[in-house]
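The values are calculated or read from the model by the stated rules, or taken from the named source; none is laboratory data. What you are looking at is a predicted structure, and each value in this text was computed from that prediction instead of being measured. All Cβ positions, even for glycine, are placed from backbone atoms using ideal geometry, and neighbour counts span all protein chains on display.
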Amino acid sequence: MRGNGFTLLEVMLSMTILALLAGLSLPVYESFMRRNDLDLTTQQLASSLRRAQTFARAGNHDSAWSVEVQPTVVTLFRGTNFSARDQTYDETVAIPPTIGVSGLSEVQFAKLTATPNATGTITLTSTANATRTVTVNAKGMVEY
């Protein structure tokens, strides 16, 4: 009488197939995560710029508002001087280590008019060489 279990060969074959599937899907998953990090960081950067512009236009806390972009963090802050700011008003967004930043490092929006002191682009580049660009024009419009 023969048992109803699996043979060693069948178990090994199943494990090999599962290992191959996992090995093939891992690079796809990593690529997806890098693209997702890049897209989320781009959206959060644009959101911080738009919030600073909205706060400045509204005269929130009777002040101009600015955004400082550093390699590891984006900081929305009250005022025009990053080093002398009141940190209680800061809003920060972490930039993942898989993303590099280049371009504008600080944009200040004037109180009430919300016009930016600088125009140009901020380019975010992932380690997979995908890029996203956030643009601030002379009227303060933020596009990505």
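General observations
Listed here are the residues, each with its yes/no results for (1) among the hydroxyl-bearing types (S, T, Y); (2) touching a residue at least 40 places away in the same chain (Cβ under 8 Å); (3) in contact with a helix residue (DSSP H, G or I) (Cβ under 7 Å, 6 or more places away or on another chain); (4) in a helix (DSSP H, G or I).
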residue: S14; (1), (2), (3), (4): yes, no, no, yes
residue: R34; (1), (2), (3), (4): no, yes, no, yes
residue: T41; (1), (2), (3), (4): yes, yes, no, yes
residue: S48; (1), (2), (3), (4): yes, yes, no, yes
residue: A56; (1), (2), (3), (4): no, yes, no, yes
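- Test result for A94, surrounded by 13 or more Cβ atoms within 10 Å (Cβ to Cβ) and either within 20 Å of the chain's Cα centre (by Cα) or in contact (Cβ under 8 Å) with a residue 12 or more places away in the chain (or both): no
- First in segment 114-125 and under 16 Å from N81 (Cα atoms), second anywhere and aliphatic (A, V, I, L, M) and assigned to a strand (DSSP E or B), Cβ under 8 Å, 6 or more apart: P116/V107; P116/V136; N117/V107; A118/V107; A118/V136
- Residues that are surrounded by 19 or more Cβ atoms within 10 Å (Cβ to Cβ) and touching a Lys or Arg at 6+ places or on another chain (Cβ under 8 Å) were ranked within segment 99-118; the one that is modelled with the highest pLDDT is F109.
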